[in-house]
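Computed from the coordinates by the stated procedures, all read-outs in this text should not be read as laboratory data. Everything numeric here is computed off the predicted structure, so don't read it as measured data. Note that we place each Cβ from the backbone using ideal geometry, even for glycine, and neighbour counts take in every protein chain shown.
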Amino acid sequence: MTEYEKIQQSKKRLLLNEYQTKLWNRIESEEKKNDTVNNFYMKNGDGLTSPTSPNTTEELRLMMEYIDRANIFHLSNQNAGRGRLLKLRKFFKSKRNQQVEIFINSDEEPIYKEGKVSAVGRDFVMLTNLKDRIWIGYDTIESANIPFGIPNYSNTHQHYLFDNNLRKKLLYHFGETISKRDTLKQLFFEETLQTNLQSWKDTWVTVYLRDQTKKVGKIVNSQEGKILITFFGESVHIHLKEVKFIETIRLLSLINVTIQTIMKKS
């Protein structure tokens, strides 16, 4: 039989019973391997699991992380602005509840902020320390890093344990349950700076603007791309695009600002 005839023979249609016979013969000739993972699950009554890769589970996890990071850098080559946001978001998510330092764009003196990553949003990151809470937009960040001397340890705060009651609430009343807990909001959704500030109404803050000025007041609301703050009966609407960063104001600083305002008015 010529090579051409062999190729044509291999292309010949198989009947169902012929296909089944060939398939079973192939299965019987395959080398049987002991699957520790499936043996464990079967003994616990959990049944068999389908492997997602021929590699081991730890290799697959490392490969998924590598692919995820490679995709971000590949996107940066096509769209630098979008890639920049994704890299910052990825960095802060990996450092949630850990200490980081941020350098903010400034035409005058460099602005340096340090604190623990408290919330990671779609377009901002929130830092907290012993004295302040700071909201910083991604588009104003020049550089972000881990402070010198702080160990780069793996994040143990990304795992959440749900009790059965919470699990039922998530299944049957998802929206209502999520809306009542800030931790769950951050876990399931990526808030914008606007929506996050809305949940901090009546908080006294200092809003630092891109034109090197600042506004002090109490948050009234945050909507339609603006934040409304009020101070001594005067209300000020500020476009969030004009904001460099926002910082909570301490009581002593608030008293000093109040006295200065009174003196100016008098």
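A few points about this structure:
- Counting charges near Gly115 (Lys, Arg +1; Asp, Glu -1) among other residues having Cβ under 10 Å from its Cβ returns a value of +1.
- For the stretch 42-56, backbone phi angles converted through the Karplus equation (6.51, -1.76, 1.60; θ = phi - 60°) give residue-by-residue couplings of 5, 5, 8, x, 8, x, 8, 10, 7, x, 8, 7, x, 7, 6 Hz, Gly and Pro being listed as x.
- Distance between the 7 Å Cα→Cβ label points at His237 and Phe103: 3.7 nm.
- If R0 is 35 Å, the Cβ-Cβ spacing of Glu58 and Asp139 corresponds to a FRET efficiency of close to 0.40.
- For the stretch 52-94, average projected area of the Cα convex hull in nm²: 3.5 nm²
- R0 of 25 Å, Cβ-Cβ distance Gln20-Met42: FRET efficiency to nearest 0.05: 0.45
- Note on Lys32 and Asn164: the model spin-label points, each 7 Å out from Cα along the C-beta direction, lie 3.9 nm apart.
- Positive dipole terminus of the stretch 25-94, leading residue within His74, Leu85, Leu48 (C-beta point charges): Leu85
- In the stretch 1-150, lysine pairs with alpha-carbon atoms under 27 angstrom apart (chain gap of 8 or more, or interchain): 21
- Amide H to amide H distances under 5 Å link Asn221 with Leu228, where only residues 5 or more positions off or on other chains count and H is placed in the peptide plane.
- As a proxy for reagent exposure, ranking Leu130, Leu85, Leu166 by other Cβ atoms within 10 Å from fewest up yields Leu130, Leu166, Leu85.
- Ranking of Trp24, Trp204, Trp135 by neighbouring Cβ atoms within 10 Å, starting from the fewest: Trp24, Trp204, Trp135.
- Ranking of Phe40, Phe231 by neighbouring Cβ atoms within 10 Å, starting from the fewest: Phe40, Phe231.
- Global form of the stretch 23-156, assessed from the alpha-carbon gyration tensor, a/c cut-off 1.5: prolate
- Distance between the C-alpha centres of the stretch 70-146 and the stretch 200-232: 21 Å, rounded to the whole angstrom.
- Residue-by-residue Karplus 3J(HN,Hα) for the stretch 200-205, coefficients 6.51, -1.76, 1.60, Hz, glycine and proline x: 10, 4, 6, 8, 7, 9
- Packing, as the average of other Cβ atoms within 10 Å across residues, places the peptides 233-244, 63-74 in the order 233-244, 63-74, highest first.
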